[in-house]
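Report on the structure given below.
Readers should treat all values here as calculations from the given coordinates under stated rules, not as data from a laboratory. Everything quoted here is computed from the prediction, not taken from an experiment. As a convention, Cβ positions derive from the backbone with ideal geometry for all residues, glycine included, and neighbour counts pool all protein chains shown.
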Amino acid sequence: MDSANLIKGPSPDTPPPIETVRLELLNGCQAKLYLDNPSSEAIALVALRLEQCPAIRVLKVRGQLSGEAAGKLGEAMKGLPKMEFLNLSFLQVDKEGFYSLLYPLQSHPSLKSLNLSNTPIGDKEAQGVAMYLNKTQHLAHLTLFGNDTMTARGVLSVLNLLPSNRSLIHLDLRLYKGWHKIELLEKAFIASCE
């Protein structure tokens, strides 16, 4: 293949990508899950495998999910009572799928770190994250950087709930759209804490 084809990418005659599902279990307590347009059947098999590994403490999920597949994965995460670190960075999922993944996390008192960086989180999803923070008092680290569809409204919805959440000690909001207005956000946050 010559370099011109590499730069242009696949031709229009190229068939759609084959679904990819890869689950790596490391040391019995870490799992990496790579997904690319998996079918519901493939997610059901992954869910079954995760249920057989309740000792998983670290779960990394990458790729692209439909709303239905995200719902099945969210249900499977309920069976991971020891999960402490969930990394969903770079996961492409629709709004329905996002909430399907976020909702089951409320029943995870062991979850300490949630990474939602570089995902398609906008203001509405940021409000969902804020509601999650309002209902949980165990999350210590939340990473939302690189979500360039989130505006100051979404950031403020998260910041406004920080005074009522005593567990969060690290919040990363770098590189959101409108980051240059950080001084205004800082003032709004300080005012909300008083």
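Structure data summary
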{"item": "Under-5 Å amide H pairs with Thr136, H placed in peptide plane, nonlocal only", "result": "none"}
{"item": "Extended-chain gain in nm, criterion 0.36 nm per residue less alpha-carbon gap, Gln92 and Gln137", "result": "13.5 nm"}
{"item": "Residue-wise HN-Hα coupling along segment 163-170, computed from phi with Karplus coefficients 6.51, -1.76, 1.60 (Hz; x: Gly, Pro)", "result": "x, 8, 9, 8, 8, 6, 10, 9"}
{"item": "Simple spin-label estimate for Gln106 and Cys29 in nanometres, 7 Å along Cα-Cβ", "result": "2.9 nm"}
